[in-house]
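A.B. asks: Take this structure first; my questions come after.
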Amino acid sequence: MSEFFNPTRFMALTDRLLPWLSGAAALLLGVGLYAAFFLVPPDYQQGETVRIMYIHVPAAWLGMFAYIVMSSASIGALVWRHPLADAAQKTAAPLGALFTFLCLVTGSLWGKPMWGTFWVWDARLTSYLVLFLIYLGVIAIRQTMDDTPRGARVAAIMTLVGLVDIPIIKFSVDWWNTLHQPASVFRAGGSTISGSMLWPLLVMAAGASCLFLALHFMALRNEILRRRLARLTLRAVRAEEALT
């Protein structure tokens with residue numbers, strides 16, 4: 001694992017992994033979308049609108065997963081002050097915000113025919129909206145404080161403080177009386193979703209996860225190269241100033 005955290009070796013490793021991850025994402029998402037729109041039967045209650053689930057659920061999963069990645073990277077940045085951990089925390093934030101936004105939009109489109117409104121201040125919806133706002137806050141800190149050590153620490157601390165929202169999102173349907181349905185895929189009594197609907201959902205979740213990893217690795221590679229270029233530019237400027 002120590003070799004993986006070396007930026008140079010990370011670049012070499014991801015150079016080999018990215019084609020496989022990208023190919024897996026394209027294949028799984030292609031199969032999942034085809035099954036979701038052409039093979040899965042309409043739900044007996046929700047009709048055709050249930051097909052939104054195949055975008056909404058993977059987006060919801062990745063919105064939370066990206067935040068867990070950010071939090072893990074924040075620990076590495078604060079405790080060990082590893083530059084790759086700081087870069088991972090920074091690059092995961094826009095991706096997490098994107099998937100969280102997609103989850104909120106698809107959830108609203110799904111909620112309109114089911115609940116009669118695009119939005120309710122439900123515990124699950126509200127806590128997920130808070131997650132989106134936390135993402136925006138972390139991104140804003142990064143934008144305003146650049147790559148300064150202080151900015152990295154503030155962003156990491158804010159990320160870890162916001163981590164409390166993840167269990168709230170997860171268990172909100174159990175702790176409070178909400179409109180949002182409880183867990184139906186991973187639960188103690190087994191999935192409540194029909195097998196004909198479940199396997200495309202799992203394929204979509206796997207494909208979306210591969211997509212997130214591929215995008216995150218690409219963003220991390222770009223961030224490493226950007227920081228290297230910034231250091232070289234700074235050295236060139238200092239050398240020029242020293243000569244003059």
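A.B. asks: Treating only the Cβ atoms of Lys and Arg (+1) and Asp and Glu (-1) as charged, compute the dipole magnitude of segment 41-153 about its Cα centre; round to the nearest 20 debye.
C.D. replies: Values: 8 positive and 6 negative charges, 54 e Å.
With only Lys, Arg, Asp and Glu charged at Cβ, the dipole is about 260 debye.
A.B. asks: How large is the dipole of the chain about the Cα centre if only Lys and Arg carry +1 and Asp and Glu carry -1, each at its Cβ, rounded to the nearest 20 debye? Kindly include the intermediate steps, with their values, before the conclusion.
C.D. replies: Details: 19 positive and 13 negative charges, 118 e Å.
Taking the Cα centre of the chain as origin, the dipole is about 560 debye.
A.B. asks: Once you have a ≥ b ≥ c as the square roots of the Cα gyration tensor eigenvalues for segment 104-241, tell me rounded if a/c is under 1.5, and otherwise prolate or oblate according to whether a/b is larger than b/c. Could you put the intermediate results ahead of the total?
C.D. replies: Numbers: a/c = 2.96, a/b = 2.03, b/c = 1.46.
It comes out prolate by the Cα gyration axes.
A.B. asks: Additional query: Once you sort the root eigenvalues of the Cα gyration tensor of segment 43-89 as a ≥ b ≥ c, which label holds: rounded (a/c under 1.5), prolate (a/b larger than b/c) or oblate (the other case)?
C.D. replies: Values: a/c = 9.75, a/b = 5.18, b/c = 1.88.
In terms of gyration-tensor shape, prolate.
A.B. asks: Then there is this: What does the helix-only formula give at 222 nm for the chain: each DSSP H stretch with n ≥ 4 adding -39500 (n - 2.57), the total divided by the residues, and the result rounded to the nearest 500 deg cm²/dmol? Don't skip to the answer; put the middle values down first.
C.D. replies: Working: 7 runs with 181 residues, N = 244.
Calculated at 222 nm, the ellipticity per residue is -26500 deg cm²/dmol.
A.B. asks: Considering only DSSP states other than H, G, I, E and B, which trypsin sites (Lys or Arg not before Pro) in segment 112-211 qualify as loop sites with at most 10 other Cβ atoms within 10 Å? Numbers along the way, then the final one.
C.D. replies: Details: sites: Arg124, Arg142, Arg150, Arg153, Lys170, Arg187; in loops: Arg187.
Those satisfying the criteria are Arg187.
A.B. asks: Which option, [x] 52, 38, 33; [y] 103, 49, 36; [z] 77, 37, 30, is the value of Cα extents along the principal axes in Å that was calculated from these coordinates?
C.D. replies: Read-out taken from this structure: [z].
A.B. asks: Report the dimensions of segment 52-173 along its three principal axes from the alpha-carbon atoms, largest first, rounded to Å.
C.D. replies: Taking the Cα atoms of segment 52-173, the three principal extents are 48, 25, 23 Å.
A.B. asks: Right, something else. Is the shape of segment 1-54 rounded, prolate or oblate, going by the alpha carbon gyration tensor and its root eigenvalues a ≥ b ≥ c, with a/c under 1.5 for rounded and a/b larger than b/c for prolate? Kindly include the intermediate steps, with their values, before the conclusion.
C.D. replies: Values: a/c = 6.68, a/b = 3.31, b/c = 2.02.
Prolate, since a/c reaches 1.5 and a/b exceeds b/c.
A.B. asks: Let me ask something else about it. Which whole DSSP H helices in the chain pass both tests: a Cα extent of 15 Å or more along the axis and a mean Kyte-Doolittle value no lower than -0.5?
C.D. replies: Details: long enough: 7-34 (39 Å, 0.90); 53-75 (33 Å, 1.32); 83-115 (47 Å, 0.68); 123-145 (33 Å, 1.37); 149-162 (20 Å, 0.85); 195-243 (72 Å, 0.70).
Within the chain the helices that satisfy the rule are 7-34, 53-75, 83-115, 123-145, 149-162, 195-243.
Since every read-out is calculated from the coordinates, none of them should be taken as a lab result. Nothing here was measured: the structure is a model prediction, and the numbers come from that model. Glycine gets a Cβ as well: all are built from the backbone with ideal geometry, and neighbour counts include every protein chain shown.
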